[in-house]
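Since the structure comes first, as structure tokens, the remarks are kept for the end.
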Amino acid sequence: QKLAAMVNPAFVVMDKKTTYKDATSYNNFYEFGTDKADPAETAGSLKTRPWTITIEGEVKKPITLDIDSLLKLAPLEERVYRLRCVEGWSMVIPWIGYSLSNLLKKVEPTGNARFVEFISLADKRQMPGVNSRVLQWPYTEGLRMDEAMHPLSLLALGMYGEVLPNQNGAPVRLVVPWKYGFKSAKSIVKIRLTKDQPRTSWNLSAPDEYGFYSNVNPEVDHPRWSQASERRIGEDGFLSRKRKTLMFNGYSEVASLYSGMDLRKNY
Amino acid sequence: MKSLSNRQLQLLKLVVFVLAALPFLRLVYAVAQDNLGANPLEFITRNTGDWTLYFLCITLAVTPLRKLLSWHWLIRLRRMLGLYSFFYASLHFLTFLWFDHFFDISDMWRDIIKRPFITVGFIAFILLLPLAITSNNAMIRRLGGKQWQLLHRLIYLIVPLGVLHYFWMKAGKNLLLQPLIFAVIVGGLLSVRLYWRLQSKSTIT
């Protein structure tokens, strides 16, 4: 299903785009199984309409929106972002959506709103993986308020000129390109603005491996592998060396968000 | 089935040789067809690692099966199965050395010392080397049966290390079912040996 959007040249990287086939057949979306091929096979059972998303917590105007109102909330832009998975591979994906700040401004955050929590759908009937105990369900992610308000933080409703395929987090997901991919929650049903830092699924599961910030950082290794380099899916073939991973995945404009912070401690 | 003629045994060896090569041939075919999914190197690494563990388990199963079923000819297949374990382990290691580190030995070495799951896997592979080198009649003669057998008991250390390597690799993602299955199988194959050993001791005294 096509989704029209205007290219926003301010948010387009020049890297070669990953093929649609690779981007839709190699996914981490544990609600549909832990194998990378699982989501493409089993996500067909997800019903993306009707769908509502509730924004609540430290806000003056809590709201529940359906997908059609979400699609009309702000002009849809196409942005081409690098995506770096914590596992050491990367893709380049043309997303469709708008800055998350558009949505957050609408609900008028109170002075207490310091963090944003994202909660994904966890419905056993539609998502076979939710029966397994690999993670604590529902999948929960979080950002600091200033990270969430950064124009790069994208609320995505589509990719490659179409609405989001189910296996990529339909109907609405987050894309935070300077952080490892798991920070970008998929199939979101609730957004809560909070005073305290929210607990996040991967951090609960393995706190020494997945920190709250999880910014892409070539200097801070994952305990079980190096993060200094990455393999670009579809491009870095057998005989090419892995490419060097860039600080903040190359999005150096976010560096000021972390000035004065020890990124080794706040990994 | 209790005993096989030489001709039958030769035929059986040939069949097992071909069957054991199939996972490798399938991999070569899939590489040629570019049919390994979006991340071919991840696929190759995992596939060769899986087959190493499968063959190690099969090799460890030879003696218990031979005793339980009295299929004494099974012992004649053990060397080939052990060498196939080494073959798949070598492919697994080569993938790591070549495509993860591009033959940069110091780079690889840093990786090995830094990450416990790689340390363990590397030790298991290194310990396999003397076993592979001595898997021929000339070496058995040179070492003498007793020494040779002692050396080859290293396998009781190597296989648990291999399972630990797999377990640790999966641990951070909480995907413990498959390593657990391997642990149960290997645990069973080793405890049955221990049990027999204790029994034979008690009957002697």
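Quick notes
- Cα shape, the stretch A:207-261, gyration tensor, a/c 1.5 rule: oblate
- Remark on the stretch A:83-126: hydrodynamic radius 14.4 angstrom, per the Kirkwood mean of 1/r across alpha carbon pairs.
- Taking 1.567 mPa s as the viscosity and 4 °C as the temperature, the Stokes-Einstein diffusion coefficient of the stretch B:6-204 based on its alpha-carbon Kirkwood radius rounds to 70 µm²/s.
- Modelled FRET efficiency - R0 22 Å, B:S106 with A:R264, Cβ distances, 0.05 increments: 0.40
- Rg over Rh for the protein assembly as shown works out to 1.06, both radii taken from alpha-carbon positions and Rh defined as the Kirkwood radius.
- Between the helical axis of B:177-204 and the longest alpha-carbon principal axis of chain B there is an angle of about 20 degrees.
- Angle in degrees between helix B:40-69 and the longest Cα principal axis of chain B, rounded to the nearest 10: 10 degrees
- Entry note: the stretch A:154-200 has Rg to Rh equal to 1.01, where both radii use alpha-carbon atoms and Rh is the Kirkwood radius.
- Shape category assigned to the stretch B:111-205 from the gyration tensor of Cα positions, a/c cut at 1.5: oblate
- Per-pair calculated FRET efficiency, R0 = 51 Å: A:K61 and B:L154 via Cβ, rounded to 0.05: 0.15
- Each of A:T19, A:T64, A:T200 has some number of other Cβ atoms within 10 Å of its Cβ, and from fewest to most they run A:T64, A:T19, A:T200.
- Computed over chain A: relative contact order in percent, which uses C-alpha pairs under 8 Å that are six or more apart: 22 percent
- 0 to 90° range, to nearest 10: angle between helix B:155-171 axis and chain B longest Cα axis: 30 degrees
- With all pairs of different C-alpha atoms in the average, the Kirkwood value for the hydrodynamic radius of the stretch A:55-137 is 16.0 Å.
- Once divided by 2.2 N^0.38 Å, the Cα radius of gyration of the stretch A:133-227 becomes 1.12.
- Charge tally for B:L27 (other residues, Cβ to Cβ under 14 Å; Lys, Arg +1; Asp, Glu -1): -1.
- The shape of the stretch A:197-236 comes out prolate: with a ≥ b ≥ c from the C-alpha gyration tensor, a/c is at least 1.5 and a/b beats b/c.
- Applying the Kirkwood pairwise sum to the alpha-carbon positions of the stretch A:6-257 produces a hydrodynamic radius of 18.3 angstrom.
- Summary value for the stretch A:1-45: 23 percent relative contact order, contacts being C-alpha pairs under 8 angstrom separated by 6+ residues.
- Rg over Rh for the stretch B:3-59 works out to 1.15, both radii taken from alpha-carbon positions and Rh defined as the Kirkwood radius.
- Whole-Å distance, taken between Cα centres, linking the stretch A:210-267 and the stretch B:1-78: 40 Å
- Rounded FRET efficiency, nearest 0.05, which uses the C-beta distance separating B:K114 from B:S191 and R0 of 45 Å: 0.85
FYI, it's all coordinate maths here, none of it is from the lab. Because the structure is a prediction, the values reported are computed rather than measured. A quick note on method: Cβ atoms are made from the backbone with ideal geometry, for glycine too, and the neighbour counts reach across all protein chains shown.
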